[in-house]
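Input: a single structure, listed below in structure tokens.
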Amino acid sequence: MYLGSDFHRYWARCGRQDKHPDDVAYLEDSPFVHDVRPCPFDGPLDRAKVVICLANPSYGKDSDVKQLNELVMSLRSGEEALPDEFDVFYRRITRSMGVSLDRLRNLVSVLNVCPYASASMSDTAIRKAAGLPSVWQAQKFLREVLIPRAQTGNIYLVLIRKLQLWGITQSSDEDGNMRVIPDRAINGVMPLKLGTEIYEWLTIKGHLKASQADLSRAGDRS
């Protein structure tokens with residue numbers, strides 16, 4: 001669903017630049033960190049069965065910038081599994097599914113509405129992001145590709161953070177497998193009920209085989 005799409009072609013134009021060419025004119029006074037190349041998504045977006053829509057990347061102060069930049073380039077293929085560099089974060093946002101992260105790496109993708117990193121998504125950053133062509137492309141991919149696939153039951157689409165920037169209201173109705181989670185904190189954790197719902201869907205569809213370990217962890221989800 002990613003390879004061959006307008007979104008794929010858009011990011012292919014960026015190459016190894018620290019800003020997408022279409023964004024350069026809008027980022028003269030940038031609130032974002034540009035040492036690391038823009039990262040529009042993590043994980044296998046082309047074949048993901050669960051897509052979680054969040055705000056933007058955030059990296060620790062001690063991160064290896066060279067390593068991150070090489071990782072970002074590989075992730076843009078849309079075929080790479082969730083990398084283990086960010087396992088602490090991934091475990092937090094997928095915990096309610098009650099499945100080990102290793103079994104989800106090739107099923108879950110995280111889509112950022114803004115591809116540029118920052119310590120936090122401040123009001124200033126939100127205003128700047130709202131005028132970026134790269135953000136408009138993420139919104140377009142959401143509406144033209146992901147939402148229709150969720151409505152027809154091909155994927156689970158979960159919007160958790162910065163709904164306004166995504167162009168989605170908190171009162172948006174559930175439609176097919178699209179879920180809008182209002183008022184979630186920065187950690188992006190999805191509710192237990194939704195995690196269970198997604199786990200059951202993944203097993204029913206045969207994307208994930210239930211195991212005894214899953215059943216044991218089910219009582220620990222919160």
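With a Cα-only, solvent-free Debye model of segment 11-54, what are the log10 I(q)/I(0) values at q = 0.18, 0.20, 0.27 Å⁻¹?
-0.66, -0.77, -1.03
When the accessible area of segment 45-154 is split by element with a 1.4 Å probe, what percent falls to carbon and sulfur?
Of all accessible area on segment 45-154, carbon and sulfur atoms account for 48 percent.
Working with all protein chains in place, sort E28, E70 by solvent-accessible area computed with a 1.4 Å probe, largest first.
Largest accessible area first, the list is E28, E70.
If you average the sequence gap of Cα pairs under 8 Å that are 6 or more apart and divide by the length of the chain, what percent do you get for the contact order?
RCO, the chain: 27 percent.
Can you compute the radius of gyration and Dmax for segment 75-150, using only the Cα atoms, both in Å?
14.4, 38
Mind checking the per residue accessible area of the chain for me, 1.4 Å probe, whole number of Å²?
47
Could you tell me the accessible area of T152 in Å² (1.4 Å probe, neighbours in place), rounded to the nearest ten?
It works out to around 100 Å².
If you build the convex hull over the alpha carbons only and average its shadow over all orientations, what do you get for segment 1-86? Give it in nm² to one decimal.
Averaging across all directions leaves 6.0 nm² for the Cα convex hull.
With θ set to phi - 60° and the Karplus curve 6.51 cos²θ - 1.76 cosθ + 1.60, what are the ³J(HN,Hα) couplings of segment 11-18 in order, to the nearest whole Hz, using x for Gly and Pro?
Here the 3J(HN,Hα) series is 6, 5, 6, 7, x, 9, 6, 7 Hz.
Got a sec? Which residues in segment 100-137 would a label at V65 touch, if it sits 7 Å along Cα→Cβ and we count backbone N under 15 Å?
Zone members listed by number: 117-119.
How would R143, R105 rank on accessible area, largest to smallest, probe 1.4 Å?
These residues rank, largest area first, as R143, R105.
Of all DSSP beta bridges located in the chain, what percent are antiparallel, nearest 5?
25
Hey, with R₀ at 35 Å, roughly what FRET efficiency would K205 and R16 work out to, going by the Cβ-Cβ distance, to 0.05?
0.40
The values are calculated or read from the model by the stated rules, or taken from the named source; none is laboratory data. Predicted model only: the values in this text are computed from it and were never measured. All Cβ positions, even for glycine, are placed from backbone atoms using ideal geometry, and neighbour counts span all protein chains on display. With ligands, DNA and RNA removed, areas are computed over all heavy atoms of the protein, side chains included. Shrake-Rupley method; radii C 1.70, N 1.55, O 1.52, S 1.80 Å.
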